[in-house]
Amino acid sequence: IIHLIFLHETGSNNPTGITTDSDKITFHPYFSYKDLLGFAILIILLVSLSLFAPNLLGDPENFTPANPLVTPPHIKPEWYFLFAYAILRSIPNKLGGVIALFASILVLFCVPLLHTSKQRSLTFRPLGQVLF
């Protein structure tokens, strides 16, 4: 929403610098209803999936009876935490593992600072031309 407010105040820029006088579609009636329809379809699909097949997307290991006296050997985090789990398990020192984990996340925040080109668009880059 903040992005739309700033876009409405300042307007959008064309990275190629070429002015286009093509026919434009207003945002509210067309794109608002289009997004609302897509959101409604997504909600209907998710609600129907959760009501009619609640166990379809579950992990099969969750249905095995638990033994409170034995820790199972197959315990592992979800896929989106596997990078952190691998970093923490590979470094024996607890503090070193936590520092390495924060350093790996800090590297991801520093990657945009490495971009020094004046051109912000992917239009004329080789990968952008191949993909699009």
Do we have Leu101 as free of Cβ contacts under 8 Å to residues at least 40 places away in the same chain and over 21 Å from Lys76 (Cα atoms) here? no
Quick one: Pro65 ticks every box in (1) farther than 30 Å from Ile5 by Cβ; (2) at pLDDT 90 or above bar one, so which box is it? (2)
Among residues of the stretch 112-126, those that are surrounded by 10 or more Cβ atoms within 10 Å (Cβ to Cβ) and within 19 Å of Ser12 (Cβ to Cβ), counted: 5
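Please find, within the stretch 41-60, the residue that is farthest from the chain's Cα centre (by Cα) out of those that are loosely packed, with under 10 Cβ neighbours inside 10 Å and modelled with pLDDT under 85.
Filtering the stretch 41-60 down to residues loosely packed, with under 10 Cβ neighbours inside 10 Å leaves 51-52, 54-57, 59-60.
Cutting the leftovers down to modelled with pLDDT under 85 gives us 57, 59-60.
Values: Leu57: 20, Asp59: 22, Pro60: 26 Å.
By that ranking, first place goes to Pro60.
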For the list (1) under 30 Å from Ser12 (Cα atoms); (2) among the polar types (S, T, N, Q); (3) surrounded by fewer than 10 Cβ atoms within 10 Å (Cβ to Cβ), I need the number of the one condition that Gln129 fails. (3)
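The values are calculated or read from the model by the stated rules, or taken from the named source; none is laboratory data. Just so it is clear, the structure is predicted and the values come from calculations on it, not from any experiment. Cβ: placed from backbone, ideal geometry, glycine included. Neighbour counts: every protein chain shown.
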